[in-house]
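Student: One structure coming up, written as structure tokens, with questions to follow.
All of the numbers you see were taken from the coordinates with simple rules; none came from a lab. Everything numeric here is computed off the predicted structure, so don't read it as measured data. Methodologically, a virtual Cβ is constructed for each residue, glycine included, from the backbone with ideal geometry; neighbour enumeration extends over all protein chains shown.
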Amino acid sequence: MACPVTRTTTTTTTTTTTTGQAMTCLAWGDPHFETFDGQKMNYFGTGEYYLVQSRVLMVQGRYTIDKRWPKASVMTGFAVGGAVMRGHRLVFENNDGVATVLYDGKPILEEFPSSFNDDVISSRFDKTVSSHKRAKNKQGYLFLLPNGVTLAVLQYQSKYIDLTVTSPRFPGKWEGHCGNFNGDKTDDTADAMLGRGAKADVEEGDSMFVTHAPNTKSPDLDISDCDPKARQMAEESCDGLDNQNHYDACVFDVCLTGDPELEADEEDLEELAEGWWVHRLVDKPVQVKRGTFLGKVQGLEEFELDLTITPKTVQKGWRSILHMTDGPHYKNCCEEGNRIPALWFHSESTRLHVRMSRAGKGNDGCDPKEELPLGEPTQVKVRVQGPYLVVFFGTRVVCVSGNYAKKYSPTSRVAVLGSDSWHEPADATIADVMYYKARPLPVGEMIGRVPVVLERGQLLGKITTFEMFKLEFDIKPTGKLDGWSSILHFTKALHRNHGEEGDRIPGIWFIPKTNRLHVRVSRVGKHNDGCDPKPELPQGEVTHVTVKLAGPILTVRFGDKLVCSNNNYKEKDPGRTNVIAYSADPFYDAAKAELSNVIYEEGNDYPHGELVDAPIKLERNHYIGTVDSSANYELSFVLKPESKQPGWRSIIHFTHDMTRNCCNEGERIPGIWFHSKSTRLHVRSSRGGDGNDGCDPKDQLPLNKETKVTVRVTGGKMTVLFGKKSVCETKAGQYKDPFKAEDRVAVYAADPW
């Protein structure tokens, strides 16, 4: 016997994991860079260069010479790709103050003001709301991408642009003029990049721009290249900056270009990263006080409100934290627009009461079950997007409502109160309060090699699922809970747990008070079908789990061992886009476990023809795969017996029902065993009217010698051959009605029975 040869092609989803807080790379002037790690660098060559070069995020910049400033290049455009763009491409070019923005080659944001949104990008062309002197009253572009990536552009009437790229760090190699994003700014210099072999030039075949601009060497320029009179003007223009590095950069820019507009306090350029539709209402922690007016903002149908809340004590009565209400009357409740949103603590609790108006209901909302910890800051996010209201604690979904398909549309400037004047204030501080256009949900991030402790409501992002798939992960249980506890859950909608097809594709839990898996995979006609392995996972040990759906069969393996199967999947859930991936979901407590090496990929059907190649030792419950069923067939294999054992001993078993051994039709097509204490074959193959008919050769197989065995059903009879010799044959016509399965059949070597 030999091992199976499986020839399949798989398509793997993104398996990125965000690590660390988001940082910003700044590019301004001619052009200067402040890398993600804080190093300041200058690049004066022309052409196309990588600003960010990583698998997840790719940003290319174009530097050209402005005829007014022939000594140094300026940034005039950029292009964005990588896994975060999910196959899409964004290109921005500023040509003498006229910007062209292309999304997959088609113009967007052509009017002022205007916006463009889809499942991947949320963008706007408008006046900046930043109060920074470099950005004030200028036209800007904001691009919100999945996974926390933001690009903000400040457009000038000449060729150049200012650009900020804000991103979390994703695993893998990072290079480019924005640095290698490793927390060490000393290795972001040009010399350090050359030393490690990093190349920032974009080759023609790798360019994401419409036409490629070849690169030229960056000239060596310093302040000595500046005319003395121009230098004096620059020093006067830049006087008063509080940092020597910023002062030197300003003098260099203004001197070489002769443009005082380039004077700026680069230390404040981080404001640009917050974009042109982001309102920062509170920065440092402030004590909540009744009726505190924080300002007015332009209300948005789809938005995210971020704030950090630190409760100090628990108090009686509803306690107001923050209240946004629409004009002109700015009421408390309960008309549409009175709470968009508003947050309180429940009485004698730090549990949030989150209310958000929608069309037809002024006081709808979503209240998380978890309380906020006393004395500890918690980042709270309230997001309205698509049909959802979602509340996050950090990155965890703690409450979701699917009632927001019809949203409230703000009609005027919205007042922001912290707290409101209608309730007593919460004894808490709020900080980092921001209100802005909601960015797209993350692209499907899976969990990498580093084990992650499961947390309730951890949103991984949106993924594409497949009709046939393979899901693999490593899991180490660390305890047991009294109730159902979630591990992984893929669902068609943020708020969907169960009850409809597509709610669990798949979902995986621990059964209460055990480390036994509960594996559910929706199919046509049964939304909560699945397969629960009988053995528990060992606590404190890592087990590699594989859930596979191929052909009509769902299987679960622990390592190489098949532990569960279900052959009811002839009609499978179709592949879907924009599926929500959780680990663990927000509907149950998180399993006490560590998860790592999560891979979800498209799977093909099981092998045809040759099932086994190199010799293998027979093992109980060794599942090989499936094959197409045929009424008339020939099965051949080489068998080398090593000993005789008591009891029936399985060799190979084909069955259309993985849950049954014998003796209905189709359960042995064929099945082959050794007789007890013998090497004599017991060969069974179903036929019409007899599920356990067959033909047993009288000869035993020789020990420790290879024998080629052939079982043939054709012409109305069964024949068994050793080599070319016929050793058993049924009567003519006995197999005139051989069994034919409707779908593919499972193959074991040896079976589990």
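Student: As a footprinting exposure proxy, order 170, 116, 510, 393 by other Cβ within 10 Å, with the fewest listed first. Walk me through the numbers before you get to the answer.
Tutor: Numbers: 170 25, 116 17, 510 28, 393 21.
Ascending Cβ contact count within 10 Å gives the list 116, 393, 170, 510.
Student: By its C-alpha gyration tensor, with a ≥ b ≥ c as the square roots of the eigenvalues, how is the stretch 443-538 shaped: rounded for a/c under 1.5, else prolate for a/b larger than b/c, else oblate? The partial results should precede the final answer.
Tutor: Numbers: a/c = 1.63, a/b = 1.19, b/c = 1.37.
Because a/c hits 1.5 or more and a/b fails to exceed b/c, the stretch 443-538 counts as oblate.
Student: Could you give the Stokes-Einstein D for the stretch 623-748 in µm² per second, using the C-alpha Kirkwood radius, 4 °C, 1.567 mPa s? Could you put the intermediate results ahead of the total?
Tutor: Working: Rh = 14.6 Å.
Translational diffusion coefficient: 88 µm²/s.
Student: Jot down the radius of gyration and Dmax of the stretch 362-472, Cα atoms only, both in angstrom.
Tutor: Both quantities, over Cα of the stretch 362-472: 17.5, 56 Å.
Student: In bins 5 Å wide, starting from 0, what share of all Cα pairs of the stretch 452-602 does each bin hold, as a percent?
Tutor: 2, 11, 21, 26, 22, 14, 5, 0
Student: In whole angstrom, note down how far apart the Cα centers of the stretch 494-508 and the stretch 531-569 are.
Tutor: About 19 Å separates the Cα centre of the stretch 494-508 from the one of the stretch 531-569.
Student: Choose one of 487, 76, 577: the residue whose Cα lies farthest towards the positive end of the charge dipole of the chain (beta-carbon charges +1 Lys, Arg; -1 Asp, Glu; about the Cα centre).
Tutor: So the residue we want is 487.
Student: Quick one: helix 244-257 against the long Cα principal axis of the chain, what's the angle to the nearest 10°, folded into 0 to 90?
Tutor: 80
Student: Moving to a separate point now. Given the options 345, 291, 727, identify the residue whose Cα lies farthest towards the positive end of the charge dipole of the chain (+1 on Cβ of Lys, Arg; -1 on Cβ of Asp, Glu).
Tutor: Result: 727.
Student: Something else now. Just order 97-106, 173-182, 707-716 by mean Cβ neighbour count inside 10 Å, highest at the front, would you?
Tutor: Working: 97-106: 14.3, 173-182: 22.4, 707-716: 17.3.
My ranking of the peptides, most packed first, is 173-182, 707-716, 97-106.
Student: Take the chain, compute every pairwise Cα distance, and split them into 20 Å bins from 0; I just need the percent in each bin.
Tutor: 15, 36, 29, 15, 5, 0
Student: Follow-up. Label the stretch 626-666 by shape, choosing from rounded, prolate and oblate, from the square roots a ≥ b ≥ c of the eigenvalues of the Cα gyration tensor; if a/c is under 1.5 it is rounded, and otherwise prolate applies when a/b is larger than b/c, oblate when it is not.
Tutor: Working: a/c = 2.83, a/b = 1.41, b/c = 2.01.
It is oblate, given that a/c is not under 1.5 and a/b is not larger than b/c.
Student: Under a Cβ-only charge scheme (Lys and Arg +1, Asp and Glu -1), can you give me the dipole magnitude of the stretch 278-437 about the Cα centre, in debye to the nearest 20? Write out the running numbers ahead of the final one.
Tutor: Working: 22 positive and 18 negative charges, 39 e Å.
It comes to approximately 180 debye.
Student: What does the charge count around residue 703 come to, taking other residues whose C-beta lies under 10 Å from its C-beta (Lys +1, Arg +1, Asp -1, Glu -1)? Intermediate results must be reported in sequence, preceding the final value.
Tutor: On the way: positive: 640, 644, 705; negative: 642.
Here the count lands on +2.
Student: Given the options 397, 669, 309, identify the residue whose Cα lies farthest towards the positive end of the charge dipole of the chain (+1 on Cβ of Lys, Arg; -1 on Cβ of Asp, Glu).
Tutor: The residue sitting most towards the positive pole is 669.
Student: Per DSSP helix of 4 or more residues, -39500 (n - 2.57); summed, then divided by the residues of the chain. What does that give at 222 nm, rounded to the nearest 500? Walk me through the intermediate numbers first.
Tutor: Working: 4 runs with 35 residues, N = 753.
Here the helix-only value at 222 nm equals -1500 deg cm²/dmol.
Student: Report, to the nearest 10°, how far helix 228-238 tilts away from the longest principal axis of the Cα atoms in the chain, using its own Cα long axis and a range of 0 to 90°.
Tutor: 80
Student: Cα convex hull of the stretch 609-697: how many Å³ per residue?
Tutor: Details: hull volume 9.8 nm³, N = 89.
Looking at the stretch 609-697, the number lands at 110 Å³ per residue.
Student: Using +1 on the beta carbon of Lys and Arg, -1 on that of Asp and Glu, and nothing else charged, what's the dipole of the chain about the Cα centre, debye to 20?
Tutor: 3960
Student: OK, next. I'd like the distance separating the alpha-carbon centroids of the stretch 318-356 and the stretch 674-745, in whole Å.
Tutor: If we compute the Cα centre of each part, the gap is 76 Å.
Student: Let me ask something additional. Can you compute the charge dipole magnitude of the stretch 452-602 about its Cα centre, using +1 on each Lys and Arg Cβ and -1 on each Asp and Glu Cβ, nothing else charged? Give it in debye, rounded to the nearest 20. Before the final figure, lay out the partial values.
Tutor: On the way: 21 positive and 20 negative charges, 45 e Å.
Its charge dipole is roughly 220 debye.
Student: Give me 491, 211 sorted ascending by neighbouring Cβ count inside 10 Å, so fewest comes first.
Tutor: Listed from fewest to most nearby Cβ atoms, that is 211, 491.
Student: Fewest Cβ neighbours within 10 Å first, please rank 650, 676 accordingly. Intermediate results must be reported in sequence, preceding the final value.
Tutor: Numbers: 650 22, 676 13.
Lowest to highest Cβ neighbour count: 676, 650.
Student: Continuing with this model, one more query. If packing is taken as the average number of other Cβ atoms within 10 Å across a peptide's residues, how do 308-321, 465-478 rank, most packed first?
Tutor: On the way: 308-321: 18.3, 465-478: 20.0.
Highest mean packing first, the order is 465-478, 308-321.
Student: State, in angstrom, two size descriptors of the stretch 270-403 derived from its alpha carbons: Rg to one decimal place and Dmax to the nearest whole number.
Tutor: Gyration radius and largest Cα-Cα distance of the stretch 270-403: 14.5, 42 Å.
Student: Additional query: Packing-wise, with mean Cβ within 10 Å as the measure, how do 51-57, 334-340 rank, highest first? Display every interim value, and only then the final one.
Tutor: Working: 51-57: 23.9, 334-340: 19.7.
Order by mean packing, descending: 51-57, 334-340.
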